Amino acid sequence: MTEAIRLTDTDPRFVDEIKEAGGENILMCYQCGTCTSSCPVREIDERYDPLKIMRMAVLGMKKEVLSSDIIWLCSRCYACHEHCPQGVGITEVLHAITNIAEREGKEGNIKIKSLKPRLDGVFNDLIRKYGRLFEIKFFVHLVLLSKGATGLLSSAPDGFVMFRKGKLRLLPQKIKGMKQIGRIFKIVEANKK
Amino acid sequence: MKFAYYPGCYLHGSAVEYDMSTRAVCRKLGIELIELDDWNCCGAVEARDSLSIPLSARNLALAEKEGLDIVAPCSVCFHKLSKANKMVKEDEKFRKKINETIDGQYQGRVGVRHLLDIIVNDVGLERISKGVKAPLEGVNAVPYYGCLIVRPSEIAKFDDPEDPQSLDDLIKATGAECLPYSHKVSCCGGGLLANKEDFALEMAKKIIDGAKEGGSNCIVVTCPLCHTMLDFQQSNIESRYGITIDLPALYFTQLLGLALGLGVKELGLDKNMVAPMKLLESICIE
Ligand code: SF4
Ligand code: SF4
């Protein structure tokens, strides 16, 4: 059974935050449901419903939305985006929502129920360090974070096959323009605050 | 025909067979590829736009200095570079801000193209058909486009987002059979692999099931992330669902290369995780 929404718990400014974080067109939605019926993740799990996430956001249910594990399940396939008759840009709206969740999580206001921000953080750190992805380090971290040491052990044979086929570099490729990369990260991070 | 070649991180590593077959096929077709000097990662599916747009813009600025358009074989790179390009081209104030961030002077003069677009539309099917040395009779392929090569259509631009044709046409030009396929533009699940593996594998399985139901012996792909899901993860799907699949996934450049008479080694066909040996035997290549 669904619980009633208590208006005192909602935050009417949430929608403006989403607009600012890249989901400008969220209020253009007229609730036709095309996005939900286009979504391949929804096909697998009914709990994942892009329209519902947006409706909850518009109603100001900030805490519920941001602390849900569901918002992290978008595969960014843009099927909803392509089919939406209103040009809402749902993929970007959902992205804006996860951006806000990440920020609020860092500030300790909510607890994030997904590994996604940490996994992406590992990726970003490698780019910050080398300018390109150092794949083997990324894979090892991914597997460790998502499956632990036993997971890493069981993926070792695959890793070995890849190495034998010449598909894994053992050393990172660091680019020359690291000054520029450092500058990009510095400015982007300063803007986030 | 000369382009700034943007391989992207995966083609320099786990998708080395895509890099090899891209270079071999382009050489054969007279497309000159100059690898973009000192390119950096586009941000891939992991970085947020706030980061991937300036990262991508640095590459655009490098290409502009060379006076060349960019060709990207990876659909994720193609998407990220095209998106950044569109945004800085359309908004001068934003371009200034990005130039400030990257400490550069990008003017918005570079075009970003997917390799499939260049091969089908610039080289053209007629020239390709003429270059076919060994028509691939016996290959019953399904054309798998995936997401970002066609969507969002205002960014990808070069083919229809619901029922694209360029890969279909290319497969036919190689002499292979191109089977009807309803999963052409479905999502491979790659973006969820690390975060929600069971969903990702179910999504990839649907793509594979669709190919097998149609009687295909080969799935043709245009992106290293799709290839990871359909080739590298295939054994994972087999063990999770207790099934045998054994369906090779070839990059379109590998398929085209075979038809153009290029060698198995040159095309990196020994590097695919699902060995395409049976397929190669069926077209009489050892
Ligand atoms: S498809 Fe667009 S208009 Fe329709 S419900 Fe989804 S977001 Fe709203
Ligand atoms: S972009 Fe996300 S919400 Fe939209 S259809 Fe794809 S998986 Fe679903």
(message) assigned by TED's automatic domain parsing to the domain that holds A:Ala21, of a type in the set (Val, Ile, Thr) and under 13 Å from A:Gly23 (Cα atoms): is that true of A:Ile90 in this structure?
(response) yes
(request) Identify the residue in segment A:76-117 that is more than 9 Å from ligand 2 (Cβ to nearest atom) and polar (S, T, N, Q) and, among all such residues, is nearest to B:Leu193 (Cα to Cα). (result) A:Ser114
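In this structure, is B:Lys172 crowded, with 20+ Cβ neighbours inside 10 Å and touching a Cys at 6+ places or on another chain (Cβ under 8 Å)?
no
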(request) Run A:Arg42 past the list (1) of a type in the set (D, E, K, R); (2) away from chain B (no Cβ under 12 Å); (3) within 13 Å of ligand 2 (Cβ to nearest atom) and report the number of the one that doesn't hold. (result) (2)
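Yes/no matrix, rows are residues, columns are (1) in contact with a Leu (Cβ under 6 Å, 6 or more places away or on another chain); (2) in contact (Cβ under 8 Å) with a residue 12 or more places away in the chain; (3) within 12 Å of chain A (Cβ to nearest Cβ):
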position	(1), (2), (3)
B:Lys28	yes, yes, no
B:Asp38	no, yes, yes
B:Gly43	yes, yes, yes
B:Leu51	no, no, yes
B:Asp69	no, yes, no
B:Val76	yes, yes, yes
B:Leu81	no, yes, no
B:Val88	no, yes, no
B:Arg95	no, yes, no
(message) Against the definition (over 18 Å from the mean Cα position of the chain (by Cα) and away from chain A (no Cβ under 14 Å)), how does B:Glu100 come out, yes or no?
(response) no
(message) Taking the conditions exactly as written (within 11 Å of ligand 2 (Cβ to nearest atom) and over 20 Å from B:Leu148 (Cα atoms)), does A:Ile71 satisfy them or not?
(response) yes
(message) Are there helices (runs of 4 or more DSSP H) fully within segment A:76-193 with at least 3 residues that are free of Cβ contacts under 8 Å to residues at least 40 places away in the same chain, of a type outside the set (Lys, Arg) and facing chain B (nearest Cβ under 9 Å)? List them.
(response) A:90-106, A:116-130, A:135-154, A:156-164, A:178-192
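Only one residue in B:Leu125, B:Leu148 is touching a residue at least 24 places away in the same chain (Cβ under 8 Å), of a type in the set (A, V, I, L, M, F, W, C) and in contact with an Asp or Glu (Cβ under 6 Å, 6 or more places away or on another chain), so which one is that? If you could, list the steps in order and put the result at the bottom.
Working: B:Leu148 fails: in contact with an Asp or Glu (Cβ under 6 Å, 6 or more places away or on another chain).
It is B:Leu125.
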(message) Need the failing condition index for A:Glu64 against (1) touching an Asp or Glu at 6+ places or on another chain (Cβ under 9 Å); (2) assigned to a helix (DSSP H, G or I); (3) surrounded by 19 or more Cβ atoms within 10 Å (Cβ to Cβ), just the number.
(response) (3)
(message) Checking B:Glu238 against (1) surrounded by fewer than 24 Cβ atoms within 10 Å (Cβ to Cβ); (2) within 12 Å of B:Tyr144 (Cα to Cα): exactly one of these is not met. Which one?
(response) (2)
(message) With the requirement that a residue be free of Cβ contacts under 8 Å to residues at least 40 places away in the same chain, over 17 Å from the mean Cα position of the chain (by Cα) and either more than 14 Å from ligand 1 (Cβ to nearest atom) or more than 23 Å from B:Val185 (Cβ to Cβ) (or both), what does segment A:21-52 give you?
(response) A:Leu27, A:Gln31, A:Glu43, A:Ile44, A:Asp45, A:Glu46, A:Arg47, A:Lys52
(message) Please pick out the residue among A:Gly148, A:Gly105, A:Gly121, A:Gly177 that is more than 30 Å from B:Pro152 (Cβ to Cβ) and either in the same structural domain as A:Ser38 (by TED's automatic domain parsing) or not hydrophobic (A, V, I, L, M, F, W, C) (or both).
(response) A:Gly148
(request) State all residues of segment A:53-70 that are more than 10 Å from ligand 1 (Cβ to nearest atom) and free of Cβ contacts under 8 Å to residues at least 40 places away in the same chain; if no residue qualifies, say none. (result) A:Met56, A:Glu64, A:Ile70
(request) With respect to B:Leu55, determine if the residue is more than 14 Å from chain A (Cβ to nearest Cβ) and touching a residue at least 12 places away in the same chain (Cβ under 8 Å). (result) no
(request) Could you please give the count of residues in segment A:131-177 that are surrounded by fewer than 16 Cβ atoms within 10 Å (Cβ to Cβ), farther than 21 Å from B:Met273 by Cα and either among the polar types (S, T, N, Q) or touching a Gly at 6+ places or on another chain (Cβ under 6 Å) (or both)? (result) 2
(request) Scan segment B:9-50 for residues that are surrounded by 22 or more Cβ atoms within 10 Å (Cβ to Cβ) and over 15 Å from B:Gly268 (Cα atoms) and jot them down. (result) B:Cys9, B:Leu36, B:Trp39, B:Asn40, B:Cys41, B:Cys42, B:Gly43, B:Ala44, B:Glu46
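The values are calculated or read from the model by the stated rules, or taken from the named source; none is laboratory data. Owing to the predicted nature of the structure, the values given are computational and were not obtained by experimental measurement. Glycine also receives a Cβ, built like all others from the backbone with ideal geometry; neighbour counts cover every protein chain displayed.
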